[in-house]
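Notes for the one structure printed next.
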Ligand SMILES: *Cc1c(COP(=O)(O)O)cnc(C)c1O
């Protein structure tokens with residue numbers, strides 16, 4: 001018990017999830033549609049509070065795939081994507097036979113760098129191809145520089161696909177993340193701030209776009225009594241069982257945000273006297289992160305015996321999970337021929353960064369164990 005595994009981010013049920021699932025069984029809505037799906041979508045629309053429309057899907061990756069299709073991305077097109085992210089942000093570009101163009105991060109949010117973005121757009125246009133979309137990500141819940149990125153996107157008339165998979169509950173200038181894109185995407189995978197065991201959502205500005213997403217997600221059936229298809233369809237809708245979990249999770253989302261933010265405060269305190277360790281935090285009040293994962297940068301040199309890998313191994317030895325940051329996409333073998341714009345910021349962040357246990361279900365005993373292990377590490381300084 002005392003040495004049980006402390007996970008980075010594990011599912012945390014609120015208590016009401018099983019009631020919604022029971023209701024689904026009792027009424028035999030065991031299908032990829034039903035009252036929980038409709039209810040979960042409504043809960044999300046109210047939570048996002050920006051007159052948006054939500055379509056519940058089988059995963060965040062599916063939402064990105066459909067989002068790109070609806071933005072008109074086709075084989076041979078180019079799509080701009082933040083390099084420092086999870087591969088699911090970029091893989092759907094390849095599903096469509098399009099080419100990703102990766103962009104470096106900027107140091108304050110770790111997200112897409114406005115300068116490198118504009119350089120890339122200008123250069124791609126000069127080479128004869130205007131990018132079809134910009135995929136911007138709120139990494140670890142930290143909002144990207146929304147105003148700057150929106151200004152550039154509008155100046156060149158390129159739509160933004162906002163990957164808010166990690167940022168449900170975060171805000172920028174008081175507005176919820178997940179409402180800034182021409183199309184936005186959420187994820188409810190098992191490790192996210194709320195989960196449906198697996199699932200995602202597409203967020204649109206109009207009802208017509210939402211209906212289009214749901215149409216594509218349910219095999220693109222034309223309006224006819226027989227099965228008639230004039231477009232490629234997908235089987236991407238969320239099941240009514242999963243949506244039941246989602247409805248229960250929505251009741252505790254704000255609590256989860258507060259708990260994750262308090263984990264971030266906890267790490268700020270633990271590292272408050274250590275110059276070499278930087279806890280990734282909001283640069284000013286415009287940015288409000290859900291701190292989905294609390295992350296640190298360890299600014300020491302390779303031979304010091306106190307790098308992020310040294311800390312990861314020390315924690316692992318005490319049965320505490322931690323993980324390096326997302327390895328930038330332009331450094332991944334699968335994307336090694338893709339164009340890249342920027343310098344070495346994301347690469348350096350990756351080399352120095354570590355995600356620490358951040359779950360909303362971590363208790364005082366977990367914190368004590370984490371703190372003791374971190375103190376051990378700090379005693380090497
Ligand atoms: C989790 C995640 C996704 C994919 O969501 P799934 O629901 O797991 O398919 C996409 N982008 C980012 C940044 C993520 O963290």
Point to revise | Any strands (runs of 3 or more DSSP E) falling wholly within the stretch 153-259 and containing at least 2 residues that are under 29 Å from residue 30 (Cα atoms) and within 20 Å of the chain's Cα centre (by Cα) | key: 183-187, 200-204
Exercise for review: Evaluate the following for residue 185: is it near the ligand (Cβ under 9 Å from one of its atoms) and under 26 Å from residue 130 (Cβ atoms)?
Suggested key: yes
Check your understanding: In the stretch 77-97, which residue that is out of contact with any strand residue (DSSP E or B) (no Cβ under 9 Å at 6 or more places or on another chain) and farther than 19 Å from residue 166 by Cα is nearest to the ligand (Cβ to nearest atom)?
Key -> 95
Check your understanding: Out of 196, 204, which single residue is at pLDDT 95 or above, surrounded by 18 or more Cβ atoms within 10 Å (Cβ to Cβ), within 16 Å of the ligand (Cβ to nearest atom) and not assigned by TED's automatic domain parsing to the domain that holds residue 288?
Key -> 196
Check your understanding: Based on what the data block shows, is residue 159 away from the ligand (no atom under 16 Å from the Cβ) and touching a residue at least 40 places away in the same chain (Cβ under 8 Å)?
Key -> yes
**Study point:** Single match in 131, 114, 100, 107 (criterion: farther than 17 Å from residue 187 by Cβ and either within 14 Å of the ligand (Cβ to nearest atom) or under 15 Å from the mean Cα position of the chain (by Cα) (or both))
**Key:** 100
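Each row is one residue, and each column tells you yes or no for (1) within 30 Å of residue 129 (Cα to Cα); (2) surrounded by fewer than 24 Cβ atoms within 10 Å (Cβ to Cβ); (3) under 20 Å from the mean Cα position of the chain (by Cα).
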| position | (1), (2), (3) |
| --- | --- |
| 31 | no, yes, no |
| 41 | no, yes, yes |
| 51 | no, yes, no |
| 61 | yes, yes, yes |
| 64 | yes, no, yes |
| 67 | yes, no, yes |
| 76 | yes, yes, no |
| 82 | yes, no, yes |
Practice item. Could you tell me whether residue 373 is surrounded by 19 or more Cβ atoms within 10 Å (Cβ to Cβ), touching a helix residue (DSSP H, G or I) at 6+ places or on another chain (Cβ under 6 Å) and part of a helix (DSSP H, G or I)? Key: yes
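The values are calculated or read from the model by the stated rules, or taken from the named source; none is laboratory data. Computed from a predicted model, the values in this text were never measured in an experiment. FYI the Cβ positions are ideal-geometry reconstructions off the backbone, even for glycines, and counts take in every protein chain you see.
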